[in-house]
Structures are given as structure tokens and as C-alpha cells.
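In what follows, a structure is listed as C-alpha cells, so that the remarks can point back to it.
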Amino acid sequence: MNAGTTAKQAKSQALFISDLHLTEASPRTTSAFLDFMANEAMQTERLYILGDLFEYWAGDDDIEHPYNRRILNAIRQLSNAGVAVYWVPGNRDFLAGDRFAAESGATFLPDLHDVIIGNRKIAVAHGDAQCLEDPDYIKFRMMVRNPQWQQQFLSMPLEQRKLTIESFRKDSKKENETKSDSVWDVTASAIDDVFSQTGAAAFIHGHTHRPGIHEHGPGKRYVLPDWDLDGADKRGGWLEMTADGQFITHTVSQ
Ligand code: MN
């Protein structure tokens, strides 16, 4: 290693990622993530994972799976190196719990959290709670976010939980085929609420897979891209808040 011989660049203040949908079935996306964690993510003060890191998470006993252990270890290495790792779980990995946090060194944040970074107030969320035009999804979200439902679900054997999640996903895929385009995006009034509740200058979220930067009065809304290096339409990337407080979008190299 030649650390110390190269000029030290100012570390960025934060990087933001979401919607990697990591699964053993996507080896290229997995490598791109591990590469990002070993390189770019080591050059920042804080990493924010804004949900749907995993394709799905059936419960912390699944940490034992070698694939999941690899992903967890990559987070552990980053936190061991002094990078503060924060995770807002998404609609696919909200069952990640205390054991995952303890073993990875990541700190879980509530969905919609605000923080001051470099004198600026930044709000972060996964983004599904701001999509209000799908009543079926809102009902489903209320059910699965209920602590009693979660306790009951987590008391089932792991394999049974995985099968249940697979069947939820099959159902939602079928329903989604008939849904109009607007249900896939955030609702304007929900975005107004985020800015007025938090007083943030910027709101960063994922979930919609519609990366972009939107003006919102004096504030800005940054939508993170999803990652897929295994399919035909290759994509992925992250948002950087530089040492001097600028936001820069980065695309993953293919
Ligand atoms: Mn999502």
C-alpha cells in the first residue's frame, strides 16, 4: 500500500446511494457495489444508504447466508475505516434490525430524517412514503410496518418468510401491470410536506427509479438512481456532497 505517499484529497462530506436491489442473482451489480464500497465510499465522511440495498430482507437470521455476509462485511469494513454509515431501510429491506446494525456498524435512521451537514439541512428518506397515489400500496405498507405484524412474521421459519415475500412480490408485479404511470412517482403535496416539516434545503430520496434534480421553491430534491449492471439497460450511481458543499451526481462505470 502506498498510503501516505500520495497527496491526500479532501474527503467528500457525504455520499448517497439507494435501490441497489442486491441479490446473488445479480453478480455484476454486486461487484459494482463492492467496488464502490472499497473505493469511492472510503473517500467520504459519511455514507447514506437510502433503502432497498437488498432485493429483499427476510430477517436478521439471514445474515448467516454467505452472500449476505459478504455485503455486511463490506459495510463493516467501511465503518471500521471510520466512515459513518447510515441506513434508511426501504420497502424491501425494512426488516433489517438491531443485529444487522450491530454487526455492520451501520446506524439505522427513521424514514424521513433530517440532518445538518456542512451548515445545510438535508432531509433523507427512501421515498415510498411520499408516493401517495397507490391506495393498495399504502394499505400494504401500513400492514407490514405494523410492529405486531412484523413480530408475527419474524416468528415464522426463515424459509417460510422467504416464500411469503416471493408471493407478495408476485402479486404486486401482477397488480402493477395494470397501474397508471403516475402511481410510480412521488406526490407533490407529500414533497411540500417534507420541506415544510423539516425546513431542509435539500431532500434526497430513491425508490422511484427516476433519477433527477428538481427545484422545489428555494430547495432542491435529488432522486437517486437504481443500480442494475446485469440487465440490458445498465445503470447505477450515487450523489456526492463535496467538501465545499456542492452536490455532484456520479454514474457507476460499466
Ligand atoms: Mn423502494
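The values are calculated or read from the model by the stated rules, or taken from the named source; none is laboratory data. Everything numeric here is computed off the predicted structure, so don't read it as measured data. Cβ: placed from backbone, ideal geometry, glycine included. Neighbour counts: every protein chain shown.
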Per the list (1) at pLDDT 90 or above; (2) farther than 29 Å from GLN254 by Cα, residue check on TRP227 breaks on (2)
Flag if ASN176 is within 14 Å of the ligand (Cβ to nearest atom) and either without any contact (Cβ under 8 Å) to a residue 24 or more places away in the chain or loosely packed, with under 14 Cβ neighbours inside 10 Å (or both): yes
Exception for PHE195 within (1) farther than 30 Å from LEU34 by Cα; (2) loosely packed, with under 12 Cβ neighbours inside 10 Å falls at (2)
Within region 71-103, the residues that are among the charged types (D, E, K, R) and within 16 Å of the ligand (Cβ to nearest atom) are ARG92, ASP93
Are any of the residues in region 135-151 in contact (Cβ under 8 Å) with a residue 40 or more places away in the chain, closer than 19 Å to SER18 by Cα, part of a helix (DSSP H, G or I) and within 16 Å of the ligand (Cβ to nearest atom)?
yes
Going through region 106-134 in order, the residues found to be touching a helix residue (DSSP H, G or I) at 6+ places or on another chain (Cβ under 9 Å), crowded, with 18+ Cβ neighbours inside 10 Å and part of a loop (DSSP other than H, G, I, E, B) are ALA106, ASP111, LEU112, ALA125, CYS131, ASP134
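Conditions (1) of a type in the set (Asp, Glu); (2) touching a residue at least 60 places away in the same chain (Cβ under 8 Å); (3) touching a Phe, Trp or Tyr at 6+ places or on another chain (Cβ under 9 Å), marked per residue:
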{"residue": "LEU22", "(1), (2), (3)": "no, no, yes"}
{"residue": "THR30", "(1), (2), (3)": "no, no, yes"}
{"residue": "ALA38", "(1), (2), (3)": "no, no, no"}
{"residue": "ALA41", "(1), (2), (3)": "no, no, yes"}
{"residue": "ILE49", "(1), (2), (3)": "no, no, yes"}
{"residue": "ARG92", "(1), (2), (3)": "no, yes, yes"}
Filtering region 15-33 down to residues that are within 20 Å of GLN130 (Cα to Cα) and more than 16 Å from the ligand (Cβ to nearest atom) yields none
Of those in region 24-68 that are crowded, with 17+ Cβ neighbours inside 10 Å and hydroxyl-bearing (Ser, Thr, Tyr), the residue nearest to GLU159 (Cα to Cα) is TYR56
Selection over region 34-66 where residues are within 20 Å of LEU95 (Cα to Cα) and either small (Gly, Ala, Ser) or within 16 Å of the ligand (Cβ to nearest atom) (or both) yields a count of 12
Residue count, region 197-236, condition of a type outside the set (S, T, N, Q), in contact (Cβ under 8 Å) with a residue 40 or more places away in the chain and not in a loop (DSSP other than H, G, I, E, B), comes to 7
